[in-house]
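The values are calculated or read from the model by the stated rules, or taken from the named source; none is laboratory data. Computed from a predicted model, the values in this text were never measured in an experiment. Ideal geometry is used to build each Cβ from the backbone, glycine not excepted, and the neighbour counts take in all protein chains shown. What goes into the accessible areas is simple: the full protein's heavy atoms, side chains included, and nothing from ligands, DNA or RNA. Shrake-Rupley method; radii C 1.70, N 1.55, O 1.52, S 1.80 Å.
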Amino acid sequence: MRIGLGILVAVLTACAANAQSAVNWSILPNVRTGAPNEDLTFFATIANGSDVEMTCQPRFGGLFVRPGGVSGQARFYTFDGTDTGASFNQPVAIPAGADQDFVVSLSTNRAYAGEIIIPLFCTDPDNVPLDLPRIPLVNDFNVMIAPGNPPDIIMITDTLSQDGVARVGETGPHAALMTVAAVNIGEDATNVRILPGLSGFSTLNDGIAPTICETDADGVCNAVEARFAQIALWRENEIRTFAVRARVPVELGVPFYPDELRMDVGATDDEVDFYTPLITLFGRSGVAMDVERQTGTGPTPVQQCNYDQVADAGGSFSREDGIIVFDERINPDGNLSGLGYFRQSQNQFDSRFEDLTPFRLALPDGNSGDTQMTVFGMGPGSAQTDDDVANVNVQTRADGSLVISWNANPGFSNDFEVKGRLRCAGAPAQPRQPRLFTPEALAEIYDIDPSINGLELEEEIAWREGTSEAEMGELTKLYGDPATNVADAIMGALIIFSGGRPGGPSPGNPDSSQAIADGDAIGILVPSRYSDPESGASVIDCATLMLTGVQENEQTASTRNASVSILTRSGVAFDDAEGQCVR
């Protein structure tokens, strides 16, 4: 038991620098299975990182409700390593800089599969309340409740540094390692798939594609590493061990965001593919990552970004989905600049009103410091109606990732009106991504005239958005060899949409000094889902197209014609195109 709680404290220590709360909590394991009205137990630790004593307890007496008439209670008992307290859910005083361990017993009244939300809060000596943040794979808890005695796989993970962080330095093998020990304390399980992943940033998960193997008592793989390990029969009380590796390209680092970016592993049924969220879970665990890059300086050319509010300790308004692409062609005569988009809300705190909002960012001298971000307007009804400028601070980390933060910007009526930040991570080349060679070749396979101007493109997009997905597909059909860098595909599209033409002695080098003419459009194309047709060539199933707006002269310039569109390939069906295609 103490080993498990020691791991919890290590996880909390790792998260403290990045989480936006002085008090945090962690649980182990993160997934349990059982029957209705059966008590499921897990360990919890609350770490008080503040400089005052905090008094903590569950809200609502630990009672919770979930969809479908599901209800239950979580009962927190204090634990000293040997004995549990006699009563549960009582206020517990935790001194400054100290931890408090718990054994938690939880039950539900009926069958249910999914997350159980257990809000905790603390009060300081002045009785000011503080809600403890929810951190994925640190204190989120999932259950699968079904009649009988379903499989119940308990997983514990470890790293070489034994602190809950998979670390990789500037030299040596560029692979993050996580070891896993798991036991099935439920009924025999058949056809179990053990699937590793990188949570929080989908481009990292898709591009790095962590591998796993089952190991023997000496830690040696029993079989070749693969994207998952398949267990035909996992007997009750049987212990199995695994090794998970994330091989990171040497030019790429993985930032230390322990509260958001984690290497995880889950046990699920064998029907799950790599694009389907793990819903039916029998077990899950994970660690943070901290990977230094071994080559390259400055910002990684393509980065995925997630948004969160600085004052949002609970993470309730954090939003995924965001990309920024840096290229000298965007601002050839000035500092390195990027184009991108991120998901923000019209009403700051209301996630029902969200838009993918386009922006342009010019890095300051030295790639870190204060600068400005142009936020492009998309017209009435959007989160950003007109073009505007926000003051931001950019920090480029040694691993190539960016943290873009801002204080409240007057004049905005969305997320820029409150303190917020974008935390970004370098995006690797995506598997099976087609290589784009020249603007002409790209135009041909996109079935686009390379001389098409921005206004014509806007009209084409507007028409396709009003038609079926099948009719929208012509813009997103790509063939070719795998790309060596995701920027090849994205910047290839940028060349066409910005009106660039090949220049210089070698094909594909645009004449970056060529001015953007009236009627041209500037933007980025972010390919997403891929599939292999019968021909064997990789095809993009969907992509996100961001345009800053048609370039017009000063007399006719519009400040509200930017757009972010989702393009899908003909013949490919999506249950949720936005959820499955936007990165």
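Loop-only trypsin sites (Lys or Arg not before Pro) in region 25-93, please: DSSP not H, G, I, E or B, and at most 16 other Cβ atoms within 10 Å.
none
Provide the convex hull volume over Cα atoms per residue for region 59-140, in Å³.
About 128 Å³ per residue, rounded to a whole number.
Given Cβ point charges of +1 (Lys, Arg) and -1 (Asp, Glu) and nothing else, what value in debye, to the nearest 20, does the dipole of region 89-176 about its Cα centre take?
About 340 debye.
For region 154-272, what relative contact order do you get, as a whole percent, if you take Cα pairs closer than 8 Å and at least 6 residues apart?
Worked out over region 154-272, it gives 34 percent.
Can you tell me which of 378-386, 62-70 comes out highest on packing, and rank the rest after it, using the mean Cβ neighbours within 10 Å?
Averaged packing, sorted descending, gives the order 378-386, 62-70.
So what is log10(I(q)/I(0)) for region 90-243 at q = 0.20 1/Å, when the Debye sum runs over its Cα atoms only?
Cα-only, vacuum Debye calculation for region 90-243: -1.43.
Local charge sum around Gly172 (other residues, Cβ-Cβ under 15 Å, Lys/Arg +1, Asp/Glu -1)?
+1
Before I look further, what does region 358-437 give for accessible area per residue, probe 1.4 Å, in whole square angstrom?
So region 358-437 comes to 37 Å² accessible per residue, rounded to a whole number.
State log₁₀ I(q)/I(0) for region 140-185 at q = 0.19, 0.27 Å⁻¹ as given by the Debye formula over alpha-carbon point scatterers of equal weight, solvent excluded.
So the normalised log intensities are -0.74, -1.02.
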